[in-house]
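A.B. asks: Dumping the structure here so I can ask a few things about it.
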Amino acid sequence: MLDNTGKKIAVSAGTICLVLLPAVATLFGHDYFISLFTRILIYALAAVSLDLLLGFGGLVSLGHAAFFGVGGYVVGMLFYHASEAQPLLGVIPGSENALIVLPSAVLVSALFAVVIGSLSLRTKGMHFIMITLAFAQMIFYFFVGLEKYGGDDGLSLYARNKMALLDLSDDIQFYYFCLFFLIIFVFFAYRLVQSRFGLVIRGISLNERRVRALGIGSYHYKLVCFVIAGAGAGLAGALLVNQTEYVSPGMMHWTISGELMVMVLIGGLGTLFGPIVGSAIFILLEDVLGMYTEHWMVYMGPLLILIVLFAPQGLFGLLSGKRGRDD
Amino acid sequence: MTENLLQVHGLCKSFGAVRANSNFSLSVRSGSVHALIGPNGAGKTTALNQLSGEIVPDSGSILFNGRTITRMKSYNRVKLGIARSFQITSVFESLSVEENMALSIIAKYRNNFKFWQNCLSAPPVLEGLTRALETVGLHERKKIQAGHLSHGEKKQLEVGMTLAGKPKLLMLDEPMAGMGPGGTVEMSKLIRRLKEKTTILLVEHDMEVVFSLADTITVLVSGETLTSGPPEAIRADERVRAAYLGDD
C-alpha cells in the first residue's frame, strides 16, 4: 500500500494539508471550508471502513449505510432521552457525553453487524449483495416507522455531544476531533490488513476455496471483518449526526451505501488511503456542481466511468504508476 | 508403519443423473506413494474432493488414522493432517511468495485473530518461513508476487504451501499438469524427497512419472475401483491395458 515513494509523499502531503486546513481557512475567512471538510473526513471514515470489506475482504456489501445510520441514531436517541430525562425502554438513561455516546454508537452498530453479517455471510456473490441491501432497507423502514423519534422527518438535536476539555460545538475543535478518529481508524486498518488476520482475509478474497483447503474455516474471519467495518461506519455516523445535529432515516438509505461505494472506487479499491481522496472529490464535486445544477450526478457519472475504465486502482492507485490491481 | 493411513470404502457420489463415483475403495499405506490413475472422466478429482471434504459423499465411508471423517468439514480434515494441492494451480496470485507461504504456515493455528503485528513477523512465520521456502527452492524469489512466477515455480510454491502444515497425508492433484520436461523432473525430485516425510496420494496423468514414483497404484474406471496393486502388477493387468493403457 505504501510501497513506493509517490504514495508516501501523497499520504504525508495529504495529512499535512488536512492538519493545516482550519488555520488556512480561517486566515482567508472561508470558515465554510472547515465544516465542508469535516463532512469529508466523516464520509472518508465510512468509506475506509467499507474499503476493508470491498477491497480486502472481497465482500461487496450494498448495505453499509445501515451501520452509518444506526451509529447516527444512537447519538440521536441518547440525546433525545437525555433531554426528556426519561430512560430508553425504562432502563437506559440518555446521554450527551461523547465519551459515553460514541462508544455506544460503535458498540451498537457492531452488534447490528454481528447479526446482519452472521446471516448474510452464509451467502455469496450476488446473493450477498442483495441480502445486505435487504437488511439495510429493512432497518431504513424500521426507523421511518419509529414515530417517537420523528419517523420520516428525523430528529433534531439542538446541540452536539459534550466532552471534558473539548468544546465540540466549536467547528475547529470538532474538525480536529473527526480528523483524530479518521487517522486512528486508518492507522488501525493499515496495520490490520498486514496482520495475520489481514493475510487470512486477503487470502479469502482471492481464493476462498484454497484458504479452506489450507485448513482455515473462513466464515468467522469474514464475520469479524464485517463487524469491524460496521463499527467503523457506526462511528462515522455518530460523528455526522454530531456535526449536523440532525438524524433521519435518509442516512441509511441505500443510495448512501452506493455513494460510499463510489467514493471507494474513485479513490482506489483496496488502498485504504484512496477512499479519503474519493470522499473529498465526491463531496467537493457535489458541493461545487450543486451550486449550478441539481443534477450534478450527470457530471459525476462520466468521471466514475473514466476512473473505473482507466484507473481500476482509483486515483490513489495512479500514484504507483501502474494501472491494474497488481502492484 | 505398514498399517493403512487412509481407508476408503464403497464411496458413491452422483451429480444429478451423472454417477461420478460408485463403489470407490482405496487403502493407502503409511509412508507410501500411492497413485490414483484412470482415463479422463473416471472420477479421480471427484474422489479427491470427497477425501479432502469439499464434497460430501452420498454413501460409503472414509477412515483416516482410524477415525471416521466421511462428513467432516474440509478445514477440520486439514487439522487432522490431510492436505491437498489443486490440479489448476491456485496460489494467491496477488500476494507475494512469502505471504503465500506465511498464510499456509499460520493456517494450522486456530487463533489468527491478531490484528496488529505484521503477519511476516508472527513467531510461527519467523520460525518456519525460510525453511519452508528453501524446501521448494523459492527462497530467493520470496519478495516476488506469486502471479509473476513461472508455471513450474507456481506448482512448487503450491506444493510447498500444502506441505507447510506438516500433513500426514499429502494429496497431489496432477502436479505435473502443464509442465515442461524440466519442470517434470524438478517436481519428481521434490516428490521423492517428500516421500521420506509424509504419505502421498498422487493423481497423475503422466504414466512415466506414476510408474517411477508410486509404490502402489489404484486404477479408477467409470468412477469405480478397477484394481489396486504394485506397478508391475498393474502394468501386466489385462483389464487395465484394455481400459486405459491401451489407449496410449
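A.B. asks: What does the charge dipole of the protein assembly as shown about its Cα centre add up to, to the nearest 20 debye, if the Cβ of each Lys and Arg holds +1 and the Cβ of each Asp and Glu holds -1?
C.D. replies: Here the protein assembly as shown has a charge dipole of around 1900 debye.
A.B. asks: If you don't mind, there's one more thing I want to ask. How large is the charge dipole for the range A:117-272, taken about the Cα centre, if only the Cβ atoms of Lys, Arg (+1) and Asp, Glu (-1) carry charge, to the nearest 20 debye?
C.D. replies: Computed about the Cα centre, the dipole is about 1180 debye.
A.B. asks: Counting Lys and Arg as +1 and Asp and Glu as -1, each charge on the Cβ, what is the dipole of chain A about the Cα centre in debye, to the nearest 20?
C.D. replies: That gives chain A a dipole magnitude of about 1640 debye.
A.B. asks: Moving to a separate point now. Say the dipole of the range B:85-180 comes from +1 at the beta carbon of Lys and Arg and -1 at that of Asp and Glu; which of B:128, B:172, B:148 then lies farthest toward its positive end?
C.D. replies: Going by the Cα projections, it comes out as B:128.
A.B. asks: Okay, moving on. Filter A:222/B:197; A:222/B:195; B:44/B:189; A:124/B:197; A:222/B:143 down to the pairs with a C-alpha to C-alpha distance above 32 Å, please.
C.D. replies: A:222/B:197; A:222/B:195; A:124/B:197
A.B. asks: Could you line up B:204, B:134, A:147 from fewest to most neighbouring Cβ atoms inside 10 Å?
C.D. replies: Ranking B:204, B:134, A:147 by Cβ neighbours within 10 Å, fewest first, gives A:147, B:134, B:204.
A.B. asks: Looking at chain A as a GNM with Cα springs under 10 Å, which of A:284, A:27, A:88 has the largest mean-square fluctuation?
C.D. replies: The residue that fluctuates most here is A:27.
A.B. asks: List the relative contact order of chain A as a percent without decimals, with contacts defined as Cα pairs under 8 Å and 6+ residues apart.
C.D. replies: 31 percent
A.B. asks: If one computes P(r) from the Cα atoms of chain A, what percent of pairs lie at distances over 34 Å?
C.D. replies: Roughly 21 percent, once rounded to a whole number.
A.B. asks: Take A:5, B:89 and order them by how many other Cβ atoms sit within 10 Å, fewest up front.
C.D. replies: A:5, B:89
A.B. asks: Say we join alpha carbon atoms closer than 10 Å with springs in a Gaussian network model of chain A; which of A:195, A:61, A:104 then has the biggest fluctuation?
C.D. replies: Residue with maximal mean-square fluctuation among A:195, A:61, A:104: A:195.
A.B. asks: Using the count of nearby Cβ atoms within 10 Å as a rough guide to exposure, how do A:184, B:62 rank from fewest to most?
C.D. replies: A:184, B:62
A.B. asks: Let me ask something else about it. Under the definition of Cα pairs under 8 Å and six or more residues apart, what whole-number percent is the relative contact order of chain B?
C.D. replies: Once normalised by length, the contact order is 27 percent.
A.B. asks: Taking only the Cα atoms of the range A:1-146, how large is their convex hull per residue, in Å³?
C.D. replies: Considering the Cα atoms of the range A:1-146, their hull volume per residue is 162 Å³.
FYI, it's all coordinate maths here, none of it is from the lab. Treat the numbers as computed from the prediction; the structure is a model and nothing was measured. All Cβ positions, glycine included, derive from the backbone under ideal geometry; neighbour counts span all protein chains shown.
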